[in-house]
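Since the structure comes first, as structure tokens, the remarks are kept for the end.
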Amino acid sequence: MHSGIRHVLLASAALAMFCNAAAAEEEFKVGGVVALSGPYGVIGEAMRKGAELAAEMRGGKVLGAPIVFEWEDSETKPQVAVQKATRLIADGADLLFGEVSSGATIAMMKLAERRKVPLLVTISASDEITGKDKNPYTFRTSNPVDMENRMMAEFAAKDGVKRVYGVVADYAVGREMWESLKAKLKAKGVTIAGEDFPALGNKDYSLIADKVAKSDADGVAMIMTGSDAITFLKQSGQIGLKDKKTVFGTMVMDELMGKAVGEQSYGVNSTLRYHFSHDNPANEKFVAAFKAKYGELPNQFAGEAFDGMSWFLNVVDETGRWDKEAWLEAFRNSTYAESVEGTKRMRPCDNQAEQVGLFGKAVKGSDPLPPVTMEVTYTFEPSALFDACE
């Protein structure tokens, strides 16, 4: 090949590479894959609001580039989640955000590792995410199953619950969580009175609620969320289940759920990933901004999404460079003192955030609080919820 032509081709190739690199840095793309329909749709929508507000409150930019969100509905299906995430990565996503369902999250994790794109998890709870399936590209800034179960077992012991009946949504993580919780309850001297596994998306809980009401259990452990928890609480509330037995569960109640369930919410106890009443300057600022933008107080799904997204974007800015591997290394060794939940520390051994745990009870709220408001009854320190990092 003529040397002049070769030089032109090399120069053109270099210019193309430069242009592509420059284009990649013109905006920071977040590919959000969350449930926007079905049983978990209400959760995905809250996550979207929290994540977008995190970008807005920092001026809409990171590393000087505008932050752009593109959202996809996972339909709570792992295969769909991977298909949507694959398309978002092809479109140039710098960060994947999601999912609600742990099964879909674990499927996305494998894609994120293969394509070397960070995945930020702010809700999915399976221990496998930061356990046996962990990888360098996935980070969780919210509670794992083991943390939730430790809080629930401690609550049962403190509240004097002796016999527990489990109502568990029939999917892999639900069953996994229940098996773990049973062991922790038994270690606290609590007996298992019975268990039922209704299908995800079940519409009729009348037979199960009646069976639980007639059992000798004094506590009901709910492992379900979204529309499943709403339906169970409404239907069981009609027969006064919560007035006869202590009803508690993982993320089964907050102000968002209370709005849907109504007066049958009062007295229901739940783990909380986040609560708007947390007393610190960062949370006060977030609550004010969320209320101004959306006309309501933030729920736990929005709060966790905001917190995780804010933390990651702060770390990216602190690196000062457009380098995903640098972002991951910095995030893996970071502490977030400005968390709306106090202080969070990322564990470098498993990419899991170490943090306080909250437990609350639904009570009647007085204006300007929502009619159903969570009263934080217990706060657990990280040392009681996490084993030492190995």
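List of remarks:
- Every listed requirement among (1) at pLDDT 95 or above; (2) charged (D, E, K, R); (3) closer than 26 Å to V356 by Cβ is met by E255 save one, (1).
So that you can scan it fast, the table gives a plain yes or no per residue for (1) buried (at least 23 other Cβ atoms within 10 Å of the Cβ); (2) not acidic (D, E):
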position: A183; (1), (2): no, yes
position: E195; (1), (2): no, no
position: G226; (1), (2): yes, yes
position: A229; (1), (2): yes, yes
position: K244; (1), (2): no, yes
position: F248; (1), (2): yes, yes
position: A260; (1), (2): no, yes
position: S270; (1), (2): yes, yes
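- Answer residue from segment 58-107, given it is of a type in the set (S, T, N, Q) and assigned to a helix (DSSP H, G or I) and is surrounded by the fewest Cβ atoms within 10 Å (Cβ to Cβ) among those: Q79
- Within segment 275-295, the set of residues being touching a residue at least 24 places away in the same chain (Cβ under 8 Å) and loosely packed, with under 15 Cβ neighbours inside 10 Å comprises K285, K293, Y294.
- Screening A221 with (1) farther than 25 Å from V376 by Cβ; (2) touching a helix residue (DSSP H, G or I) at 6+ places or on another chain (Cβ under 8 Å) gives one miss only, at (1).
- One residue stands out among those in segment 146-187 that are of a type in the set (K, R) and farther than 14 Å from G219 by Cβ: the one that is modelled with the highest pLDDT, which is R150.
- Check on G50, in contact with a Pro (Cβ under 8 Å, 6 or more places away or on another chain), modelled with pLDDT of 95 or more and either of a type in the set (A, V, I, L, M) or closer than 24 Å to E304 by Cα (or both): yes
- With respect to the stated conditions, P118 fails to be of a type outside the set (S, T, Y) and either under 30 Å from K211 (Cβ atoms) or surrounded by fewer than 18 Cβ atoms within 10 Å (Cβ to Cβ) (or both).
- Hits in segment 112-159 - residues which are in contact with a strand residue (DSSP E or B) (Cβ under 8 Å, 6 or more places away or on another chain) and assigned to a helix (DSSP H, G or I): A112, E113, I129, M147, E148, R150, M151, M152, E154, F155, A156, K158
Conditions tested, residue by residue: (1) modelled with pLDDT of 95 or more; (2) at positive phi; (3) out of contact with any Ser or Thr (no Cβ under 8 Å at 6 or more places or on another chain).
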{"residue": "K116", "(1), (2), (3)": "yes, yes, yes"}
{"residue": "V121", "(1), (2), (3)": "yes, no, no"}
{"residue": "T141", "(1), (2), (3)": "yes, no, no"}
{"residue": "G189", "(1), (2), (3)": "yes, yes, yes"}
{"residue": "I192", "(1), (2), (3)": "yes, no, yes"}
{"residue": "A209", "(1), (2), (3)": "yes, no, no"}
{"residue": "K214", "(1), (2), (3)": "yes, no, yes"}
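- Residue selected from segment 315-324 under the condition out of contact with any helix residue (DSSP H, G or I) (no Cβ under 8 Å at 6 or more places or on another chain) and touching a residue at least 60 places away in the same chain (Cβ under 8 Å), by the criterion nearest to G92 (Cα to Cα): K324
- Close pairs (8 angstrom Cβ cut-off, 6 or more residues apart or separate chains): at positive phi in segment 67-89, surrounded by fewer than 17 Cβ atoms within 10 Å (Cβ to Cβ) anywhere: E75/S37
- For segment 352-390, the tally of residues that are in contact with a Lys or Arg (Cβ under 6 Å, 6 or more places away or on another chain), farther than 23 Å from M253 by Cα and surrounded by 16 or more Cβ atoms within 10 Å (Cβ to Cβ) stands at 1.
The values are calculated or read from the model by the stated rules, or taken from the named source; none is laboratory data. Everything quoted here is computed from the prediction, not taken from an experiment. Glycine also receives a Cβ, built like all others from the backbone with ideal geometry; neighbour counts cover every protein chain displayed.
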